1. From the list SER60, SER81, SER111, SER115, pick out the single residue that is polar (S, T, N, Q) and closer than 17 Å to ASP11 by Cβ.
2. Return yes when ASP87 is over 12 Å from the mean Cα position of the chain (by Cα), free of Cβ contacts under 8 Å to residues at least 60 places away in the same chain, more than 14 Å from SER13 (Cα to Cα) and not in a helix (DSSP H, G or I) and no when it is not.
3. Considering each residue of the stretch 39-53, count those that are open to solvent by 70 Å² or more (accessible area, probe 1.4 Å) and under 13 Å from ILE80 (Cα atoms), and give that number.
4. Yes or no: GLU72 of a type in the set (Asp, Glu), out of contact with any Asp or Glu (no Cβ under 8 Å at 6 or more places or on another chain) and crowded, with 20+ Cβ neighbours inside 10 Å?
5. When you scan the stretch 1-9, do you find a residue that is at pLDDT 95 or above, open to solvent by 30 Å² or more (accessible area, probe 1.4 Å) and of a type outside the set (A, V, I, L, M, F, W, C), even just one?
6. If LYS65 satisfies every condition in (1) at pLDDT below 95; (2) touching an Asp or Glu at 6+ places or on another chain (Cβ under 8 Å) but one, which is the exception?
7. Tell me which residues, restricted to the stretch 54-63, are surrounded by fewer than 18 Cβ atoms within 10 Å (Cβ to Cβ) and assigned to a helix (DSSP H, G or I).
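The values are calculated or read from the model by the stated rules, or taken from the named source; none is laboratory data. Predicted model, so just to flag it, every value in this text is computed and none were measured. Here Cβ is always computed from backbone atoms with ideal geometry, including for glycine, and neighbour counts include all displayed protein chains. In case anyone asks, the SASA skips ligands and DNA or RNA and just uses the protein heavy atoms, side chains included. Shrake-Rupley method; radii C 1.70, N 1.55, O 1.52, S 1.80 Å.
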Amino acid sequence: MNNEKRGILLDKSYAFAVRIAKLAKFLRENNEYVLNRQLLRSGTSIGALIREAEYAQSLSDFISKLSIALKEANETNYWISLLYDTDYLDKKMKDSFEKDCNEIIAILITSIKTSKTKVKGKAS
């Protein structure tokens, strides 16, 4: 992943984690604890995994970390949908969180594909 894309992904995932933490606080204040914990765990781990990938031991390790971040982002989208369908989030909030999460997912997918191409190129 080039430095510009890495910076964008780090910035977006960190900002998303901050939004998730604030949403978790809001949910706690509204007495929702179970979904809140799941959302907080998956939504904040995306950025942590991306940050961890910066110092991956190998390209394969880098791909692995980003792949796990991608799974966590997908799970986060699930919790956001569930919170919306159970009336904890309004449509505007749901759409906003999904938009941010889907942007991160798109960058992760591109980065993983690019990195896998590099692995294949080295194997040849």
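1. Only one candidate qualifies: SER111.
2. It is true that ASP87 is over 12 Å from the mean Cα position of the chain (by Cα), free of Cβ contacts under 8 Å to residues at least 60 places away in the same chain, more than 14 Å from SER13 (Cα to Cα) and not in a helix (DSSP H, G or I).
3. Residues that pass the stated criteria total 1.
4. Considered against the rule, which asks whether it is of a type in the set (Asp, Glu), out of contact with any Asp or Glu (no Cβ under 8 Å at 6 or more places or on another chain) and crowded, with 20+ Cβ neighbours inside 10 Å, GLU72 comes out as yes.
5. No, that holds for no residue.
6. Of (1) at pLDDT below 95; (2) touching an Asp or Glu at 6+ places or on another chain (Cβ under 8 Å), only one is false for LYS65: (1).
7. LEU59, SER60, ASP61
Matching residues to (1) over 18 Å from LEU35 (Cα atoms); (2) acidic (Asp, Glu); (3) open to solvent by 90 Å² or more (accessible area, probe 1.4 Å):
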{"site": "TYR84", "(1), (2), (3)": "no, no, no"}
{"site": "ASP87", "(1), (2), (3)": "no, yes, yes"}
{"site": "LYS92", "(1), (2), (3)": "yes, no, yes"}
{"site": "LYS99", "(1), (2), (3)": "yes, no, yes"}
{"site": "GLU103", "(1), (2), (3)": "yes, yes, no"}
{"site": "ILE107", "(1), (2), (3)": "yes, no, no"}
{"site": "SER111", "(1), (2), (3)": "yes, no, no"}
{"site": "SER115", "(1), (2), (3)": "yes, no, no"}
{"site": "GLY121", "(1), (2), (3)": "yes, no, no"}
